[in-house]
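Enquirer: Below are the structure tokens for one structure; questions will follow.
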Amino acid sequence: MLNSLYQVLAIGMKYWFIALAAAILWLVISISGKEYRERKTVLGEVGNYIGYLEIVGGMEEEEGTRIGLARENTIGSGHNADIVVRDESIEKMHAHMAFDGNRLMFTPLTKKGTRINGRKAINSYPVRTGDIVQLGNVVFRIFLRPELEELYEQ
């Protein structure tokens, strides 16, 4: 009996890495599946967006990330914001962006570190493609759909 128990333990010790590899593989697959479902949802809604924000500075690991803009958005670090940016320098409700029919208006909701094209933002300001918006330490570039950008020309 003791000999058979020893043999079972010896086999278990010999192949423990297979169980570890299986656990890691399961974890990677489950995380990838969740991310795939989230991205699929976002891509399905692309037609609803008026443009996007691209992170261009301040969050090195997130640079290049594009975030879709709806007709009305709140941006902040709090879970109630439409666009959640996890950074210590961003307030829970930092800014509001809304399309008023002719242009996209950017309104800071805090006095803490909000800039548009390098200038401190205090009041509502119309923004367009190529404008740089900085919330705290995070820098975004704005891109609007071409047909909306044409409204600025009129």
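The values are calculated or read from the model by the stated rules, or taken from the named source; none is laboratory data. Everything numeric here is computed off the predicted structure, so don't read it as measured data. When we count neighbours, we look across all protein chains shown, and the Cβ atoms used for this are built from the backbone with ideal geometry, even at glycine. Please note that ligands, DNA and RNA were not included when accessible areas were found on the heavy atoms of the full protein model with its side chains. Shrake-Rupley method; radii C 1.70, N 1.55, O 1.52, S 1.80 Å.
Enquirer: Would you tally the residues in segment 105-143 being open to solvent by less than 20 Å² (accessible area, probe 1.4 Å) and either in a loop (DSSP other than H, G, I, E, B) or touching a Phe, Trp or Tyr at 6+ places or on another chain (Cβ under 9 Å) (or both)? Walk me through how you get there before you give the answer.
Expert: Going residue by residue through segment 105-143, those that are open to solvent by less than 20 Å² (accessible area, probe 1.4 Å) are 106, 108, 114, 116, 121, 127, 133, 135-136, 138, 140, 142.
Right, trim to either in a loop (DSSP other than H, G, I, E, B) or touching a Phe, Trp or Tyr at 6+ places or on another chain (Cβ under 9 Å) (or both) and you get 106, 108, 114, 116, 121, 127, 133, 136, 142.
Total meeting the criteria: 9.
Enquirer: Right, another one. Cβ contacts < 8 Å: first residue under 13 Å from residue 76 (Cα atoms) and of a type in the set (Gly, Ala, Ser), restricted to segment 97-119; second residue part of a loop (DSSP other than H, G, I, E, B) and open to solvent by 20 Å² or more (accessible area, probe 1.4 Å), any location; separation 6+ or different chain. Result?
Expert: So the pair list comes out as 113/137.
Enquirer: Moving on to the next point. Taking the stated definitions as given, is residue 51 more than 26 Å from residue 145 (Cα to Cα) and in contact (Cβ under 8 Å) with a residue 12 or more places away in the chain?
Expert: Details: more than 26 Å from residue 145 (Cα to Cα): no; in contact (Cβ under 8 Å) with a residue 12 or more places away in the chain: yes.
So residue 51 does not fit the description; no.
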